[in-house]
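For reference, the structure is listed below as structure tokens.
The values are calculated or read from the model by the stated rules, or taken from the named source; none is laboratory data. This is a predicted model, so every value here is computed, not measured. Cβ atoms come from the backbone with ideal geometry, glycine included; neighbour counts cover every protein chain shown.
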Amino acid sequence: MRQQAVAPAASWLPWSVVDAYTATSRYLRRGMRQPDVIFGSILIPIIFVVLFGYVFGGSIKIPGGNYRSYLMPGLFAQAILFGSNSVAVGIATDMSEGVIDRFKTLPIGRSAIVIGRAVSALLLGIPAMVVMILCALAVGWRPTGGLGNAALAFGLYELFGFAAIWLGILVGLLAQSSQAADVIMGIPTFLLGFISNVFVDPANMPAWLRVFANWNPMSALVTAGRQLFGNSIGPPPSGVWSLDHPVVTTIGLAIVIVAIVAPFCVCRYSRTSR
Amino acid sequence: MTSAAISVERLARSFGQTHALVDVSFEVRSGSVCALLGRNGAGKTTAVRILTTLLSADSGRAQVAGFDVFSQADKVRARIGVTGQTATMDELLTGHENLEIIGRFCHLGAATSRRRADELLREFDLVDAKDRLVKKYSGGMRRRLDLAASLIAEPEVLFLDEPTTGLDPISRREMWTALRGLVARGTTVLLTTQYLDEADQLADTIVVIDRGLVVAQGTPEQLKASIGRPHVVVTLPDLDAAALERVRGLLGDQAEIHGLSVRTPASNGLATLSAVVTQLERMGLPIYEVGLEHPSLDEVFSTVTGHSDEAGMTAPATGKDG
Ligand SMILES: Nc1ncnc2c1ncn2[C@@H]1O[C@H](COP(=O)(O)OP(=O)(O)OP(=O)(O)O)[C@@H](O)[C@H]1O
Ligand SMILES: [Mg+2]
């Protein structure tokens with residue numbers, strides 16, 4: 001008879017939860033071993049603040065307000081959105097390496113690895129967000145809407161970021177290579193990030209662009225952020241439902257995206273043959 | 001009640017136009033070692049990936065540890081250890097962290113995972129490197145770590161895709177010793193290899209596959225016996241062309257001269273040998289050695305895989321006569 005010295009442990013939590021926790025801690029540990037990546041994710045927000053706040057911002061005049069205060073809630077959203085890019089590249093790299101093959105032969109829950117990726121990406125994004133807020137404060141941005149509203153706003157940004165991370169995971173799983181993932185993810189994030197109210201009021205855009213910019217979910221997030229931080233410079237354009245109800249739109253959209261994309265990612269990940 | 005730890009029936013798998021597996025059937029007895037032998041592209045890795053639940057098959061059936069690999073993949077995964085052909089260790093983690101995480105994924109719990117990681121690092125001679133990042137490991141160290149990882153939960157069935165490729169001769173011997181130790185504890189092992197001596201040394205049964213088909217299977221001895229008869233080899237002490245010619249004349253049409261030796265098929269085995277010895281004594285030539293030479297696994301391999309080789313890259317079939 002076969003002798004076995006190691007027996008499986010018992011757990012009071014479901015194994016799927018334990019596995020997701022193990023995967024998250026693995027990705028966090030990996031993430032912290034890449035100081036260059038962390039450094040880049042912190043440096044980019046600083047560059048954004050300087051570039052858009054001072055280089056371009058100097059020539060952008062907005063009625064009745066300070067441009068840099070107007071800009072900062074937009075840059076927070078921009079940073080969150082661009083953060084999802086690296087998730088797509090990261091998971092595509094994972095899939096092309098042997099590590100995932102080994103995980104697939106282990107008796108772990110099908111969802112553990114992708115959940116670990118998503119949660120760790122969210123957590124690893126927090127230092128960059130903190131640096132971004134400090135930069136914003138340094139250039140004169142002030143949340144004047146109260147602490148509770150400011151907290152709600154950051155909650156919205158992170159929720160939106162979580163949805164974007166899942167979209168990034170989806171792209172990373174579908175892409176044939178990490179370079180492909182970078183391009184496929186890069187183009188939409190670029191368009192969503194710039195054809196929006198992040199930098200300028202869409203009112204001055206040509207009609208067809210204005211429709212896109214107004215209905216862009218990024219604009220809803222940024223509008224919610226400006227209202228909650230007290231950085232708005234006037235009422236949103238009427239007739240655009242998502243801008244009239246920006247908080248509800250952001251929460252609803254994020255939940256719908258996660259509810260649809262996350263299970264799809266789990267299926268795609270666990271498909272046996274690639 | 002069958003005692004097969006692995007049973008494969010008519011397995012087939014294609015990638016587009018490439019027929020990686022055409023029709024493969026074999027069984028591995030519980031507690032034995034089976035070597036899957038084949039040239040590059042024969043379909044070894046494809047077979048291992050199907051058996052380890054990484055790949056689906058187009059048709060056929062496969063059971064591992066009593067469970068169907070397609071419909072009961074979770075049950076199979078809880079009972080197997082796998083070392084693939086390519087590295088699967090995380091470069092940004094240390095050797096110890098890699099093993100520990102795999103132990104936790106095998107649901108051993110954190111404490112047991114750490115203990116097993118330490119044990120295996122010791123067993124595979126990686127203690128000094130345990131806290132170094134894997135990206136600083138040498139190729140052979142990675143290979144050993146990968147193997148250690150597949151053993152962390154003491155699996156019932158172990159799959160090793162070319163386990164000793166890239167190891168130095170000493171590490172290779174150590175690996176063989178480790179594998180024999182596992183088998184002594186009852187683990188079933190399916191390994192693929194390009195090294196015939198490895199199959200000969202380790203395997204209880206050998207399955208030779210070529211272009212997705214099983215072309216031969218059996219114990220190493222059966223395979224050798226099935227392919228060629230033994231040869232009588234007569235070796236002279238010095239290079240003496242005339243003497244060699246006389247021996248060749250004695251041994252018949254099929255005898256060939258190789259250096260100091262003359263070889264001829266021994267159609268009746270030992271009986272042929274003793275007849276040859278009697279005749280040589282009568283001739284009174286100085287003889288260094290007379291013996292019976294059995295076909296090597298190399299010859300078996302090139303014979304069974306040579307037939308389907310249109311490009312003619314293998315050596316011509318030996319041990320055959322028309
Ligand atoms: N994912 C894949 N996509 C397309 N073709 C594949 C794929 N995997 C394997 N093949 C093809 O299937 C055939 C068998 O490949 P396999 O990897 O099983 O061979 P192998 O016996 O392991 O070879 P080696 O000794 O070189 O490792 C090869 O012709 C290979 O090109
Ligand atoms: Mg192979």
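Tabulated values for the structure
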{"quantity": "Residue match in the stretch B:124-133 (condition: within 12 Å of chain A (Cβ to nearest Cβ), under 19 Å from B:D168 (Cα atoms) and either within 16 Å of ligand 2 (Cβ to nearest atom) or in contact with a Leu (Cβ under 9 Å, 6 or more places away or on another chain) (or both))", "calculated": "no"}
{"quantity": "Total residues in the stretch B:42-58, condition surrounded by fewer than 24 Cβ atoms within 10 Å (Cβ to Cβ), outside any helix (DSSP H, G or I) and within 6 Å of ligand 1 (Cβ to nearest atom)", "calculated": "1"}
{"quantity": "Which listed residue, of A:I80, A:I44, is surrounded by fewer than 19 Cβ atoms within 10 Å (Cβ to Cβ) and either at pLDDT 80 or above or of a type outside the set (S, T, N, Q) (or both)", "calculated": "A:I44"}
{"quantity": "Matching residues in the stretch B:168-194 - criterion: being crowded, with 17+ Cβ neighbours inside 10 Å and within 16 Å of ligand 2 (Cβ to nearest atom)", "calculated": "B:L190, B:L191, B:T192, B:T193"}
{"quantity": "Long-range neighbours under 9 Å by Cβ, at least six apart or interchain, first residue free of Cβ contacts under 8 Å to residues at least 12 places away in the same chain and in the same structural domain as B:L37 (by TED's automatic domain parsing) within the stretch B:152-163, second within 12 Å of ligand 1 (Cβ to nearest atom) and not in a strand (DSSP E or B)", "calculated": "none"}
{"quantity": "Test: residue in the stretch A:238-245 that is crowded, with 17+ Cβ neighbours inside 10 Å and touching a residue at least 60 places away in the same chain (Cβ under 8 Å)", "calculated": "no"}
{"quantity": "Residue match in the stretch B:21-33 (condition: within 8 Å of ligand 1 (Cβ to nearest atom) and surrounded by 23 or more Cβ atoms within 10 Å (Cβ to Cβ))", "calculated": "yes"}
{"quantity": "Unique match (being touching a Ser or Thr at 6+ places or on another chain (Cβ under 8 Å), in contact (Cβ under 8 Å) with a residue 40 or more places away in the chain, within 12 Å of chain A (Cβ to nearest Cβ) and acidic (D, E)) among B:D58, B:D90", "calculated": "B:D58"}
{"quantity": "Residues (among the charged types (D, E, K, R) and either within 18 Å of B:L55 (Cβ to Cβ) or within 14 Å of chain B (Cβ to nearest Cβ) (or both)) located in the stretch A:58-115", "calculated": "A:D94, A:E97, A:D101, A:R102, A:K104, A:R110"}
{"quantity": "Flag for B:S71 being away from ligand 1 (no atom under 16 Å from the Cβ), more than 11 Å from chain A (Cβ to nearest Cβ) and free of Cβ contacts under 8 Å to residues at least 24 places away in the same chain", "calculated": "yes"}
{"quantity": "Which numbered condition B:I102 misses (of (1) under 16 Å from B:L158 (Cα atoms); (2) modelled with pLDDT under 95)", "calculated": "(2)"}
{"quantity": "Residue under evaluation B:E9, criteria (1) within 16 Å of ligand 1 (Cβ to nearest atom); (2) of a type outside the set (K, R); (3) surrounded by fewer than 16 Cβ atoms within 10 Å (Cβ to Cβ), criterion not met", "calculated": "(1)"}
{"quantity": "Sole exception among (1) in a loop (DSSP other than H, G, I, E, B); (2) within 25 Å of A:P188 (Cα to Cα) for A:S86, by number", "calculated": "(1)"}
{"quantity": "The stretch B:111-128, residues that are without any contact (Cβ under 8 Å) to a residue 40 or more places away in the chain and either out of contact with any helix residue (DSSP H, G or I) (no Cβ under 6 Å at 6 or more places or on another chain) or at positive phi (or both)", "calculated": "B:A111, B:T112, B:R115, B:D118, B:E119, B:R122, B:D128"}
{"quantity": "Scope the stretch B:134-150; condition away from chain A (no Cβ under 13 Å) and outside any loop (DSSP other than H, G, I, E, B); matching residues", "calculated": "B:G139, B:G140, B:M141, B:R144"}
{"quantity": "Scope the stretch A:195-211; condition without any contact (Cβ under 8 Å) to a residue 24 or more places away in the chain and surrounded by fewer than 16 Cβ atoms within 10 Å (Cβ to Cβ); matching residues", "calculated": "A:N204, A:P206, A:A207, A:W208, A:L209, A:V211"}
{"quantity": "Qualifying residue in the stretch B:195-203 (condition: touching a helix residue (DSSP H, G or I) at 6+ places or on another chain (Cβ under 8 Å), within 16 Å of ligand 2 (Cβ to nearest atom), at pLDDT 85 or above and in a helix (DSSP H, G or I))", "calculated": "yes"}
{"quantity": "Meets criteria (assigned to a helix (DSSP H, G or I) and not assigned by TED's automatic domain parsing to the domain that holds B:G41) for B:R246", "calculated": "yes"}
{"quantity": "Test: B:G95 is under 26 Å from A:M95 (Cβ atoms), away from every other protein chain (no Cβ under 12 Å) and away from ligand 1 (no atom under 15 Å from the Cβ)", "calculated": "yes"}
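Yes/no per residue for (1) more than 11 Å from chain A (Cβ to nearest Cβ); (2) out of contact with any Pro (no Cβ under 7 Å at 6 or more places or on another chain); (3) more than 16 Å from ligand 2 (Cβ to nearest atom):
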residue: B:S3; (1), (2), (3): yes, yes, yes
residue: B:A35; (1), (2), (3): yes, yes, no
residue: B:G43; (1), (2), (3): yes, yes, no
residue: B:A62; (1), (2), (3): yes, yes, yes
residue: B:G84; (1), (2), (3): no, yes, no
residue: B:T112; (1), (2), (3): no, yes, yes
